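Structure record follows, encoded as C-alpha coordinates.
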Amino acid sequence: MVKSALQIARAAYQPKLPKALKGSVKAVEGAPTQSVGNQDEIKAMFPNTYGMPVITFEPGDSKPMDAFNVGIILSGGQAPGGHNVISGLYDGVKSLNPNSKLYGFLMGPGGLVDHKYVEFTDDFINEYRNTGGFDIIGSGRTKLEKEAQFESGIEILRKLGIKALVIIGGDDSNTNACVLAEYYAAKKYGVQVIGCPKTIDGDLKNEQIETSFGFDTACKTYSELIGNIQRDCNSARKYWHFIKLMGRSASHIALECALQTQPNICLISEEVEKKEMSLDDVVTYIARIVADRAADGNNFGTVLIPEGLIEFIPAIKKLIAQLNDVLTDPKTGEPMEFANAKEQIAFVKSNITPENLAILESLPADVANQLCLDRDPHGNVQVSLIETEKLLSRMVATKLAAWKAEGKFNGKFSAQHHFFGYEGRCAAPSNYDADYCYSLGYNASRLIANGKTGYMSIIKNTTAPAEEWIAGGVPITMMMNMERRNGAMKPVIRKALVELDGAPFKFFAANREAWAKNTMYIYPGPIQYWGPSEVCDQCTKTLALEQK
(Lines give C-alpha, C1' and ligand atoms only; values in the text may rest on other atoms or scores of the structure.)
Protein backbone atom coordinates (compact mmCIF):
# COMPACT_ATOMS: atom_id res chain seq x y z
CA MET A 1 0.00 0.00 0.00
CA VAL A 2 1.34 3.44 -0.97
CA LYS A 3 0.88 5.87 1.93
CA SER A 4 0.78 9.64 2.13
CA ALA A 5 3.05 11.51 4.51
CA LEU A 6 0.05 12.04 6.80
CA GLN A 7 -0.75 8.31 6.87
CA ILE A 8 2.86 7.45 7.66
CA ALA A 9 2.91 9.91 10.54
CA ARG A 10 -0.52 8.83 11.79
CA ALA A 11 0.48 5.16 11.79
CA ALA A 12 2.78 5.95 14.69
CA TYR A 13 -0.01 7.48 16.78
CA GLN A 14 -0.90 5.32 19.77
CA PRO A 15 -4.57 5.79 20.67
CA LYS A 16 -5.31 6.52 24.30
CA LEU A 17 -7.12 3.97 26.50
CA PRO A 18 -9.24 4.33 29.62
CA LYS A 19 -7.30 3.52 32.78
CA ALA A 20 -9.73 0.67 33.55
CA LEU A 21 -8.66 -1.19 30.39
CA LYS A 22 -4.93 -0.97 31.02
CA GLY A 23 -4.43 -4.42 32.45
CA SER A 24 -6.77 -7.04 33.85
CA VAL A 25 -10.39 -6.15 34.49
CA LYS A 26 -13.35 -7.40 36.45
CA ALA A 27 -16.97 -6.93 35.35
CA VAL A 28 -19.20 -5.10 37.82
CA GLU A 29 -22.88 -5.78 37.17
CA GLY A 30 -25.64 -3.24 37.64
CA ALA A 31 -29.36 -3.85 38.11
CA PRO A 32 -31.41 -5.93 35.63
CA THR A 33 -32.57 -3.94 32.60
CA GLN A 34 -35.66 -3.78 30.42
CA SER A 35 -36.26 -2.56 26.88
CA VAL A 36 -37.12 1.10 26.20
CA GLY A 37 -40.53 0.06 24.91
CA ASN A 38 -42.82 -2.92 24.29
CA GLN A 39 -41.25 -4.81 27.19
CA ASP A 40 -43.51 -7.86 27.00
CA GLU A 41 -43.02 -8.34 23.26
CA ILE A 42 -39.23 -7.82 23.37
CA LYS A 43 -38.85 -10.14 26.37
CA ALA A 44 -40.84 -12.86 24.61
CA MET A 45 -38.70 -12.55 21.47
CA PHE A 46 -35.37 -12.50 23.33
CA PRO A 47 -35.81 -14.76 26.38
CA ASN A 48 -32.09 -15.67 26.56
CA THR A 49 -30.66 -12.15 26.23
CA TYR A 50 -33.33 -9.96 27.85
CA GLY A 51 -33.00 -8.26 31.23
CA MET A 52 -29.23 -8.60 31.55
CA PRO A 53 -27.43 -5.95 33.64
CA VAL A 54 -25.30 -3.05 32.42
CA ILE A 55 -21.62 -3.94 32.83
CA THR A 56 -18.86 -1.62 34.06
CA PHE A 57 -15.22 -2.68 34.00
CA GLU A 58 -12.87 -2.00 36.88
CA PRO A 59 -9.24 -3.09 37.41
CA GLY A 60 -9.08 -6.73 38.46
CA ASP A 61 -6.67 -9.56 39.16
CA SER A 62 -4.63 -11.04 36.34
CA LYS A 63 -5.80 -14.48 35.20
CA PRO A 64 -4.22 -16.65 32.51
CA MET A 65 -6.54 -17.24 29.57
CA ASP A 66 -6.49 -19.95 26.95
CA ALA A 67 -6.10 -18.85 23.34
CA PHE A 68 -9.40 -18.04 21.64
CA ASN A 69 -10.47 -16.87 18.18
CA VAL A 70 -12.74 -13.94 17.33
CA GLY A 71 -14.50 -12.86 14.13
CA ILE A 72 -15.40 -9.31 13.14
CA ILE A 73 -17.82 -7.79 10.62
CA LEU A 74 -18.17 -4.24 9.30
CA SER A 75 -21.85 -3.67 8.51
CA GLY A 76 -23.66 -0.82 6.78
CA GLY A 77 -22.29 2.55 5.71
CA GLN A 78 -18.73 3.56 6.38
CA ALA A 79 -17.76 5.75 9.34
CA PRO A 80 -14.36 7.17 10.33
CA GLY A 81 -12.64 5.03 12.95
CA GLY A 82 -13.76 1.55 11.91
CA HIS A 83 -10.17 0.46 11.34
CA ASN A 84 -9.31 1.52 14.87
CA VAL A 85 -12.11 -0.59 16.32
CA ILE A 86 -10.55 -3.56 14.56
CA SER A 87 -7.00 -2.70 15.67
CA GLY A 88 -8.23 -2.16 19.24
CA LEU A 89 -9.98 -5.54 19.21
CA TYR A 90 -6.88 -7.18 17.71
CA ASP A 91 -4.58 -5.71 20.36
CA GLY A 92 -7.06 -6.57 23.11
CA VAL A 93 -7.39 -10.18 22.01
CA LYS A 94 -3.61 -10.57 21.68
CA SER A 95 -3.05 -9.02 25.12
CA LEU A 96 -5.17 -11.77 26.66
CA ASN A 97 -3.24 -14.50 24.85
CA PRO A 98 -0.74 -13.92 22.02
CA ASN A 99 -1.89 -17.14 20.35
CA SER A 100 -5.46 -15.91 19.95
CA LYS A 101 -6.58 -15.06 16.41
CA LEU A 102 -8.82 -12.43 14.80
CA TYR A 103 -10.65 -13.12 11.53
CA GLY A 104 -12.40 -10.52 9.40
CA PHE A 105 -15.41 -11.48 7.29
CA LEU A 106 -15.30 -9.80 3.90
CA MET A 107 -17.82 -7.28 2.57
CA GLY A 108 -20.11 -7.24 5.56
CA PRO A 109 -22.47 -9.87 7.00
CA GLY A 110 -22.53 -11.54 3.59
CA GLY A 111 -18.95 -12.68 4.24
CA LEU A 112 -20.13 -14.67 7.25
CA VAL A 113 -22.94 -16.30 5.29
CA ASP A 114 -20.74 -17.01 2.25
CA HIS A 115 -17.67 -18.05 4.28
CA LYS A 116 -15.36 -15.35 2.91
CA TYR A 117 -12.77 -14.19 5.41
CA VAL A 118 -9.20 -13.16 6.10
CA GLU A 119 -6.97 -13.69 9.14
CA PHE A 120 -5.41 -10.56 10.59
CA THR A 121 -1.68 -10.38 11.29
CA ASP A 122 0.53 -7.70 12.80
CA ASP A 123 1.72 -6.52 9.38
CA PHE A 124 -1.81 -6.47 7.98
CA ILE A 125 -3.30 -4.53 10.90
CA ASN A 126 -0.44 -2.04 11.03
CA GLU A 127 -1.21 -0.87 7.49
CA TYR A 128 -4.62 0.43 8.63
CA ARG A 129 -4.11 1.92 12.09
CA ASN A 130 -5.62 5.42 12.46
CA THR A 131 -6.86 5.47 8.86
CA GLY A 132 -10.34 6.21 7.55
CA GLY A 133 -12.57 3.91 5.55
CA PHE A 134 -13.67 0.30 5.84
CA ASP A 135 -11.41 -0.98 3.07
CA ILE A 136 -9.50 -3.31 5.40
CA ILE A 137 -12.24 -5.94 4.86
CA GLY A 138 -15.04 -3.97 3.19
CA SER A 139 -18.62 -3.55 4.34
CA GLY A 140 -22.07 -4.62 3.17
CA ARG A 141 -25.77 -4.35 3.95
CA THR A 142 -26.82 -8.00 4.05
CA LYS A 143 -29.34 -8.35 6.86
CA LEU A 144 -28.79 -11.26 9.25
CA GLU A 145 -32.36 -12.29 10.02
CA LYS A 146 -33.00 -15.75 8.58
CA GLU A 147 -32.29 -19.14 10.15
CA ALA A 148 -30.47 -20.36 7.04
CA GLN A 149 -28.03 -17.44 7.38
CA PHE A 150 -27.45 -18.17 11.06
CA GLU A 151 -26.78 -21.85 10.35
CA SER A 152 -24.43 -21.03 7.48
CA GLY A 153 -22.61 -18.65 9.82
CA ILE A 154 -22.16 -21.24 12.56
CA GLU A 155 -20.54 -23.61 10.07
CA ILE A 156 -17.64 -21.24 9.35
CA LEU A 157 -17.42 -20.08 12.97
CA ARG A 158 -16.95 -23.69 14.08
CA LYS A 159 -14.48 -24.40 11.29
CA LEU A 160 -12.32 -21.45 12.39
CA GLY A 161 -12.80 -22.18 16.10
CA ILE A 162 -14.34 -18.74 16.65
CA LYS A 163 -15.56 -18.11 20.19
CA ALA A 164 -17.16 -14.70 19.58
CA LEU A 165 -18.34 -12.49 16.73
CA VAL A 166 -18.14 -8.68 16.88
CA ILE A 167 -20.52 -6.76 14.59
CA ILE A 168 -19.70 -3.10 13.94
CA GLY A 169 -22.76 -1.23 12.73
CA GLY A 170 -25.67 1.13 13.28
CA ASP A 171 -29.09 0.50 14.76
CA ASP A 172 -30.19 -2.02 12.11
CA SER A 173 -26.88 -3.90 12.20
CA ASN A 174 -26.88 -4.09 15.99
CA THR A 175 -30.50 -5.23 15.94
CA ASN A 176 -29.32 -8.07 13.70
CA ALA A 177 -26.47 -8.72 16.16
CA CYS A 178 -29.01 -9.05 18.95
CA VAL A 179 -31.15 -11.46 16.91
CA LEU A 180 -28.04 -13.54 16.12
CA ALA A 181 -26.95 -13.55 19.78
CA GLU A 182 -30.38 -14.75 20.84
CA TYR A 183 -30.43 -17.50 18.21
CA TYR A 184 -27.00 -18.85 19.13
CA ALA A 185 -27.83 -18.66 22.84
CA ALA A 186 -31.13 -20.50 22.35
CA LYS A 187 -29.37 -23.20 20.34
CA LYS A 188 -26.55 -23.37 22.93
CA TYR A 189 -23.98 -23.04 20.15
CA GLY A 190 -21.48 -21.40 22.49
CA VAL A 191 -20.75 -18.42 20.23
CA GLN A 192 -20.92 -14.93 21.75
CA VAL A 193 -22.07 -11.90 19.75
CA ILE A 194 -20.97 -8.35 20.64
CA GLY A 195 -22.09 -5.12 18.94
CA CYS A 196 -20.27 -1.83 18.43
CA PRO A 197 -22.08 1.54 17.91
CA LYS A 198 -21.29 3.05 14.51
CA THR A 199 -23.06 5.71 12.45
CA ILE A 200 -22.02 9.17 11.36
CA ASP A 201 -25.68 10.22 11.58
CA GLY A 202 -25.36 10.28 15.38
CA ASP A 203 -28.76 8.65 15.93
CA LEU A 204 -27.42 5.60 17.79
CA LYS A 205 -27.12 7.02 21.30
CA ASN A 206 -28.98 6.91 24.58
CA GLU A 207 -28.34 7.13 28.32
CA GLN A 208 -25.64 4.47 27.98
CA ILE A 209 -24.13 5.33 24.57
CA GLU A 210 -22.83 8.91 24.56
CA THR A 211 -22.15 9.02 20.84
CA SER A 212 -21.73 6.71 17.88
CA PHE A 213 -18.27 6.52 16.40
CA GLY A 214 -17.52 8.49 13.24
CA PHE A 215 -19.93 11.32 14.13
CA ASP A 216 -17.14 13.53 15.47
CA THR A 217 -14.91 13.17 12.40
CA ALA A 218 -17.73 13.46 9.86
CA CYS A 219 -19.10 16.64 11.44
CA LYS A 220 -15.64 18.20 11.62
CA THR A 221 -15.09 17.30 7.96
CA TYR A 222 -18.41 18.79 6.87
CA SER A 223 -17.87 21.85 9.05
CA GLU A 224 -14.52 22.51 7.38
CA LEU A 225 -16.28 22.46 3.99
CA ILE A 226 -19.12 24.64 5.24
CA GLY A 227 -16.60 27.07 6.71
CA ASN A 228 -14.80 27.23 3.36
CA ILE A 229 -18.10 27.94 1.60
CA GLN A 230 -18.98 30.62 4.16
CA ARG A 231 -15.61 32.29 3.67
CA ASP A 232 -16.26 32.32 -0.08
CA CYS A 233 -19.84 33.45 0.52
CA ASN A 234 -18.65 36.37 2.65
CA SER A 235 -16.08 37.23 0.00
CA ALA A 236 -18.29 37.20 -3.12
CA ARG A 237 -21.42 38.44 -1.29
CA LYS A 238 -23.78 37.41 -4.08
CA TYR A 239 -24.90 33.81 -3.45
CA TRP A 240 -27.12 31.92 -1.06
CA HIS A 241 -25.62 28.47 -0.51
CA PHE A 242 -28.12 25.69 0.19
CA ILE A 243 -26.19 22.83 1.82
CA LYS A 244 -27.80 19.44 2.37
CA LEU A 245 -26.16 17.21 4.99
CA MET A 246 -26.37 13.52 5.89
CA GLY A 247 -29.06 12.62 8.39
CA ARG A 248 -32.24 11.02 7.12
CA SER A 249 -33.67 9.90 10.44
CA ALA A 250 -32.37 12.69 12.68
CA SER A 251 -30.77 16.14 12.40
CA HIS A 252 -27.75 15.61 14.65
CA ILE A 253 -25.23 16.36 11.87
CA ALA A 254 -26.98 19.56 10.78
CA LEU A 255 -27.23 20.77 14.38
CA GLU A 256 -23.59 19.96 15.17
CA CYS A 257 -22.36 21.66 11.99
CA ALA A 258 -24.46 24.71 12.84
CA LEU A 259 -22.90 24.86 16.29
CA GLN A 260 -19.45 24.69 14.69
CA THR A 261 -20.01 27.20 11.85
CA GLN A 262 -22.91 29.53 12.81
CA PRO A 263 -24.75 29.64 9.44
CA ASN A 264 -27.57 32.08 8.71
CA ILE A 265 -30.16 29.29 8.64
CA CYS A 266 -30.19 25.71 9.88
CA LEU A 267 -33.36 23.64 9.62
CA ILE A 268 -33.94 20.98 12.27
CA SER A 269 -36.30 18.27 11.07
CA GLU A 270 -37.53 17.41 14.56
CA GLU A 271 -38.58 21.03 15.14
CA VAL A 272 -40.38 21.17 11.80
CA GLU A 273 -42.35 18.09 12.81
CA LYS A 274 -43.05 19.39 16.33
CA LYS A 275 -44.39 22.68 14.98
CA GLU A 276 -46.38 20.82 12.29
CA MET A 277 -44.89 23.05 9.62
CA SER A 278 -45.96 22.64 6.01
CA LEU A 279 -43.51 22.79 3.11
CA ASP A 280 -44.73 26.32 2.46
CA ASP A 281 -44.07 27.25 6.11
CA VAL A 282 -40.45 26.11 5.72
CA VAL A 283 -40.05 28.02 2.45
CA THR A 284 -41.57 31.17 3.97
CA TYR A 285 -39.20 30.94 6.96
CA ILE A 286 -36.17 30.84 4.67
CA ALA A 287 -37.51 33.54 2.35
CA ARG A 288 -38.17 35.91 5.26
CA ILE A 289 -34.56 35.67 6.44
CA VAL A 290 -33.31 36.17 2.86
CA ALA A 291 -35.50 39.28 2.55
CA ASP A 292 -34.42 40.67 5.93
CA ARG A 293 -30.74 40.24 5.08
CA ALA A 294 -31.31 41.83 1.66
CA ALA A 295 -32.86 44.83 3.37
CA ASP A 296 -29.51 45.27 5.15
CA GLY A 297 -27.65 44.98 1.85
CA ASN A 298 -26.61 41.35 2.39
CA ASN A 299 -27.74 39.32 -0.64
CA PHE A 300 -25.87 36.22 0.50
CA GLY A 301 -26.00 33.55 3.15
CA THR A 302 -25.88 29.86 4.04
CA VAL A 303 -28.65 27.36 4.73
CA LEU A 304 -28.04 23.93 6.31
CA ILE A 305 -30.62 21.24 5.51
CA PRO A 306 -30.83 17.69 6.93
CA GLU A 307 -31.36 15.20 4.11
CA GLY A 308 -34.45 13.74 5.83
CA LEU A 309 -36.24 17.08 6.21
CA ILE A 310 -39.00 16.24 3.73
CA GLU A 311 -39.93 13.15 5.71
CA PHE A 312 -40.46 15.20 8.88
CA ILE A 313 -43.01 17.56 7.35
CA PRO A 314 -46.16 15.99 8.87
CA ALA A 315 -48.29 15.87 5.71
CA ILE A 316 -45.44 14.43 3.64
CA LYS A 317 -44.49 12.02 6.44
CA LYS A 318 -47.99 10.54 6.31
CA LEU A 319 -47.70 10.25 2.54
CA ILE A 320 -44.33 8.49 2.73
CA ALA A 321 -45.59 6.08 5.41
CA GLN A 322 -48.44 5.01 3.14
CA LEU A 323 -46.13 4.79 0.12
CA ASN A 324 -43.88 2.41 2.08
CA ASP A 325 -46.92 0.26 2.87
CA VAL A 326 -48.58 0.14 -0.56
CA LEU A 327 -45.29 -0.61 -2.34
CA THR A 328 -44.52 -3.57 -0.05
CA ASP A 329 -45.89 -7.00 -0.90
CA PRO A 330 -48.03 -7.94 2.15
CA LYS A 331 -47.28 -11.66 1.61
CA THR A 332 -43.49 -11.51 1.35
CA GLY A 333 -42.66 -8.19 3.01
CA GLU A 334 -40.46 -7.43 -0.01
CA PRO A 335 -40.72 -4.40 -2.36
CA MET A 336 -43.27 -4.94 -5.12
CA GLU A 337 -42.10 -5.26 -8.72
CA PHE A 338 -43.58 -3.34 -11.67
CA ALA A 339 -43.09 -3.53 -15.41
CA ASN A 340 -42.16 0.14 -15.70
CA ALA A 341 -42.22 3.50 -13.92
CA LYS A 342 -45.54 4.55 -15.44
CA GLU A 343 -47.24 1.43 -14.08
CA GLN A 344 -45.73 1.97 -10.62
CA ILE A 345 -46.83 5.61 -10.43
CA ALA A 346 -50.35 4.70 -11.57
CA PHE A 347 -50.52 1.94 -8.93
CA VAL A 348 -49.44 4.35 -6.21
CA LYS A 349 -51.98 7.02 -7.16
CA SER A 350 -54.83 4.52 -7.21
CA ASN A 351 -53.93 2.98 -3.85
CA ILE A 352 -53.32 5.96 -1.54
CA THR A 353 -55.92 8.06 0.26
CA PRO A 354 -57.37 11.17 -1.42
CA GLU A 355 -55.62 13.30 1.23
CA ASN A 356 -52.21 11.80 0.43
CA LEU A 357 -52.89 11.96 -3.30
CA ALA A 358 -53.54 15.70 -2.98
CA ILE A 359 -50.21 16.16 -1.16
CA LEU A 360 -48.38 14.10 -3.78
CA GLU A 361 -49.83 16.11 -6.65
CA SER A 362 -49.01 19.41 -4.93
CA LEU A 363 -45.29 18.62 -5.20
CA PRO A 364 -43.16 19.37 -8.26
CA ALA A 365 -43.53 16.49 -10.73
CA ASP A 366 -39.90 15.35 -10.44
CA VAL A 367 -40.09 15.16 -6.63
CA ALA A 368 -43.45 13.36 -6.75
CA ASN A 369 -42.02 10.79 -9.15
CA GLN A 370 -38.99 10.22 -6.92
CA LEU A 371 -41.28 9.52 -3.97
CA CYS A 372 -43.24 6.99 -6.01
CA LEU A 373 -40.29 5.22 -7.63
CA ASP A 374 -36.98 5.23 -5.75
CA ARG A 375 -36.55 2.66 -2.98
CA ASP A 376 -33.65 1.91 -0.62
CA PRO A 377 -32.37 -1.64 0.12
CA HIS A 378 -35.01 -1.98 2.85
CA GLY A 379 -37.86 -1.10 0.47
CA ASN A 380 -38.42 2.39 1.86
CA VAL A 381 -38.70 5.68 -0.02
CA GLN A 382 -35.22 6.83 -1.08
CA VAL A 383 -35.44 10.22 0.62
CA SER A 384 -31.71 10.91 0.22
CA LEU A 385 -32.16 11.06 -3.56
CA ILE A 386 -34.61 13.95 -3.32
CA GLU A 387 -32.63 17.11 -4.02
CA THR A 388 -34.18 18.96 -1.10
CA GLU A 389 -31.64 21.78 -1.36
CA LYS A 390 -32.72 22.50 -4.96
CA LEU A 391 -36.39 22.05 -4.19
CA LEU A 392 -36.24 24.60 -1.36
CA SER A 393 -34.15 27.16 -3.25
CA ARG A 394 -36.48 26.89 -6.24
CA MET A 395 -39.54 27.45 -4.05
CA VAL A 396 -37.82 30.31 -2.18
CA ALA A 397 -37.01 31.96 -5.50
CA THR A 398 -40.67 31.68 -6.55
CA LYS A 399 -41.88 33.21 -3.28
CA LEU A 400 -39.35 36.05 -3.44
CA ALA A 401 -40.40 36.81 -7.03
CA ALA A 402 -44.01 37.09 -5.84
CA TRP A 403 -42.94 39.36 -2.98
CA LYS A 404 -40.94 41.50 -5.42
CA ALA A 405 -44.03 41.92 -7.60
CA GLU A 406 -45.90 43.07 -4.50
CA GLY A 407 -43.10 45.48 -3.54
CA LYS A 408 -42.14 43.43 -0.47
CA PHE A 409 -38.67 42.39 -1.65
CA ASN A 410 -36.10 44.54 -3.42
CA GLY A 411 -32.99 42.41 -3.08
CA LYS A 412 -31.30 39.82 -5.26
CA PHE A 413 -31.40 36.06 -4.86
CA SER A 414 -29.05 33.61 -6.54
CA ALA A 415 -28.52 30.09 -5.19
CA GLN A 416 -25.73 27.55 -5.19
CA HIS A 417 -26.29 23.94 -4.11
CA HIS A 418 -24.22 21.35 -2.24
CA PHE A 419 -24.75 17.91 -0.74
CA PHE A 420 -22.16 16.67 1.74
CA GLY A 421 -22.46 12.94 2.34
CA TYR A 422 -19.75 10.62 1.11
CA GLU A 423 -17.16 13.33 1.77
CA GLY A 424 -17.31 12.57 5.49
CA ARG A 425 -17.80 8.81 5.67
CA CYS A 426 -14.19 7.72 5.16
CA ALA A 427 -12.22 10.70 6.44
CA ALA A 428 -9.11 10.02 8.51
CA PRO A 429 -10.44 9.84 12.08
CA SER A 430 -9.99 12.75 14.45
CA ASN A 431 -7.99 12.10 17.61
CA TYR A 432 -11.29 11.76 19.45
CA ASP A 433 -12.59 9.08 17.09
CA ALA A 434 -9.18 7.37 16.86
CA ASP A 435 -9.10 7.04 20.67
CA TYR A 436 -12.81 6.30 21.11
CA CYS A 437 -12.87 3.60 18.43
CA TYR A 438 -9.69 1.92 19.62
CA SER A 439 -11.18 1.82 23.13
CA LEU A 440 -14.47 0.37 21.84
CA GLY A 441 -12.60 -2.45 20.11
CA TYR A 442 -10.24 -3.14 23.03
CA ASN A 443 -13.25 -3.09 25.37
CA ALA A 444 -15.08 -5.64 23.19
CA SER A 445 -12.23 -8.10 23.85
CA ARG A 446 -12.93 -7.75 27.58
CA LEU A 447 -16.65 -8.37 27.11
CA ILE A 448 -15.73 -11.56 25.24
CA ALA A 449 -13.24 -12.60 27.94
CA ASN A 450 -15.98 -12.18 30.54
CA GLY A 451 -18.35 -14.44 28.63
CA LYS A 452 -20.85 -11.79 27.59
CA THR A 453 -23.16 -12.05 24.58
CA GLY A 454 -25.93 -9.80 23.29
CA TYR A 455 -24.02 -6.78 24.59
CA MET A 456 -22.84 -3.59 22.92
CA SER A 457 -19.39 -2.24 23.72
CA ILE A 458 -19.65 1.19 25.35
CA ILE A 459 -17.21 3.86 26.47
CA LYS A 460 -18.58 6.72 28.59
CA ASN A 461 -17.42 9.98 30.20
CA THR A 462 -15.65 10.85 26.93
CA THR A 463 -15.63 14.61 27.53
CA ALA A 464 -13.02 13.91 30.22
CA PRO A 465 -9.41 12.94 29.49
CA ALA A 466 -9.18 9.41 28.06
CA GLU A 467 -7.65 8.10 31.31
CA GLU A 468 -10.99 8.81 33.00
CA TRP A 469 -13.23 7.20 30.37
CA ILE A 470 -15.54 4.47 31.67
CA ALA A 471 -15.62 1.12 29.85
CA GLY A 472 -18.31 -1.53 29.90
CA GLY A 473 -21.26 -3.02 28.05
CA VAL A 474 -25.00 -2.52 27.65
CA PRO A 475 -27.50 -5.27 26.71
CA ILE A 476 -28.72 -4.55 23.18
CA THR A 477 -32.25 -5.55 24.20
CA MET A 478 -32.28 -2.58 26.57
CA MET A 479 -32.34 -0.22 23.54
CA MET A 480 -35.05 -2.00 21.59
CA ASN A 481 -38.74 -1.46 20.90
CA MET A 482 -41.23 -2.58 18.25
CA GLU A 483 -41.64 -0.50 15.10
CA ARG A 484 -43.44 -0.92 11.80
CA ARG A 485 -41.01 -1.90 9.04
CA ASN A 486 -42.06 -2.99 5.54
CA GLY A 487 -45.66 -3.42 6.64
CA ALA A 488 -44.89 -5.54 9.73
CA MET A 489 -44.00 -4.89 13.37
CA LYS A 490 -40.36 -5.77 14.07
CA PRO A 491 -37.95 -5.40 17.01
CA VAL A 492 -35.48 -2.57 16.35
CA ILE A 493 -33.12 -0.31 18.27
CA ARG A 494 -34.89 2.99 18.88
CA LYS A 495 -33.28 5.86 16.97
CA ALA A 496 -32.20 8.92 18.94
CA LEU A 497 -33.68 12.14 17.58
CA VAL A 498 -32.58 15.70 18.32
CA GLU A 499 -34.13 16.59 21.67
CA LEU A 500 -35.75 20.01 21.43
CA ASP A 501 -35.45 20.43 25.19
CA GLY A 502 -31.81 19.33 25.16
CA ALA A 503 -28.86 21.66 25.76
CA PRO A 504 -27.45 21.55 22.17
CA PHE A 505 -30.73 22.61 20.54
CA LYS A 506 -31.45 25.20 23.23
CA PHE A 507 -28.05 26.80 22.64
CA PHE A 508 -28.70 26.84 18.89
CA ALA A 509 -32.22 28.27 19.30
CA ALA A 510 -30.96 31.02 21.60
CA ASN A 511 -28.43 32.18 19.00
CA ARG A 512 -29.98 31.55 15.58
CA GLU A 513 -31.73 34.90 15.24
CA ALA A 514 -28.41 36.71 15.64
CA TRP A 515 -26.74 34.30 13.19
CA ALA A 516 -29.58 34.90 10.70
CA LYS A 517 -29.41 38.70 10.78
CA ASN A 518 -25.67 39.16 11.14
CA THR A 519 -22.77 37.53 9.36
CA MET A 520 -21.17 35.68 12.29
CA TYR A 521 -19.57 32.79 10.45
CA ILE A 522 -16.98 30.54 12.09
CA TYR A 523 -14.34 28.94 9.87
CA PRO A 524 -13.24 25.75 11.71
CA GLY A 525 -10.54 24.75 9.25
CA PRO A 526 -9.28 21.17 8.75
CA ILE A 527 -9.03 18.50 11.45
CA GLN A 528 -5.82 18.90 13.46
CA TYR A 529 -3.91 15.86 14.69
CA TRP A 530 -0.88 17.44 16.43
CA GLY A 531 -0.73 20.43 18.70
CA PRO A 532 -2.52 21.76 21.79
CA SER A 533 -5.13 19.43 23.26
CA GLU A 534 -7.79 22.16 23.06
CA VAL A 535 -7.30 22.14 19.28
CA CYS A 536 -6.70 18.44 18.60
CA ASP A 537 -8.58 16.35 21.16
CA GLN A 538 -11.93 18.05 21.52
CA CYS A 539 -15.23 16.18 21.22
CA THR A 540 -18.25 17.56 19.36
CA LYS A 541 -20.06 20.69 20.52
CA THR A 542 -23.14 18.50 20.93
CA LEU A 543 -21.48 16.15 23.39
CA ALA A 544 -19.81 18.99 25.29
CA LEU A 545 -23.16 20.74 25.76
CA GLU A 546 -24.94 17.49 26.71
CA GLN A 547 -22.31 16.60 29.28
CA LYS A 548 -21.86 20.23 30.36
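The values are calculated or read from the model by the stated rules, or taken from the named source; none is laboratory data. The shown structure was predicted, so the numbers you read here are calculated from the model rather than taken from an experiment. Neighbour counts run over all protein chains shown; Cβ positions are idealised from the backbone, glycine included.
Every condition in (1) buried (at least 21 other Cβ atoms within 10 Å of the Cβ); (2) more than 30 Å from E155 (Cβ to Cβ); (3) of a type outside the set (V, I, T); (4) more than 19 Å from the chain's Cα centre (by Cα) is met by Q192 except one, and the failing one is (2). If the condition is being out of contact with any strand residue (DSSP E or B) (no Cβ under 7 Å at 6 or more places or on another chain) and of a type in the set (A, V, I, L, M), then region 157-191 contributes V179, A185, A186. Annotation: of all residues in region 491-512 being farther than 20 Å from N206 by Cα and free of Cβ contacts under 8 Å to residues at least 24 places away in the same chain, the one that is surrounded by the fewest Cβ atoms within 10 Å (Cβ to Cβ) is A510.
From the list R446, R375, the lone residue that is of a type in the set (K, R), under 30 Å from G195 (Cβ atoms), touching a strand residue (DSSP E or B) at 6+ places or on another chain (Cβ under 6 Å) and not assigned by TED's automatic domain parsing to the domain that holds Y285 is R446. Residue under question is Y455, and the condition is that it be touching a residue at least 60 places away in the same chain (Cβ under 8 Å), over 30 Å from K331 (Cβ atoms) and out of contact with any Leu (no Cβ under 8 Å at 6 or more places or on another chain); does it hold? In short, no. Considering the conditions (1) in the same structural domain as S235 (by TED's automatic domain parsing); (2) part of a loop (DSSP other than H, G, I, E, B); (3) in contact with an Asp or Glu (Cβ under 9 Å, 6 or more places away or on another chain), A496 is excluded by exactly one of them, (1). Determine if region 269-284 includes at least one residue that is buried (at least 22 other Cβ atoms within 10 Å of the Cβ) and closer than 24 Å to G82 by Cβ. No - not one qualifying residue is present in region 269-284.
Here is a yes/no grid of residues against (1) touching a strand residue (DSSP E or B) at 6+ places or on another chain (Cβ under 7 Å); (2) modelled with pLDDT of 95 or more; (3) in the same structural domain as I162 (by TED's automatic domain parsing):
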site: K3; (1), (2), (3): no, no, no
site: Y13; (1), (2), (3): no, yes, no
site: Y50; (1), (2), (3): no, yes, yes
site: T56; (1), (2), (3): yes, yes, yes
site: K63; (1), (2), (3): no, no, yes
site: F68; (1), (2), (3): yes, yes, yes
site: Q78; (1), (2), (3): no, yes, yes
site: V85; (1), (2), (3): yes, yes, yes
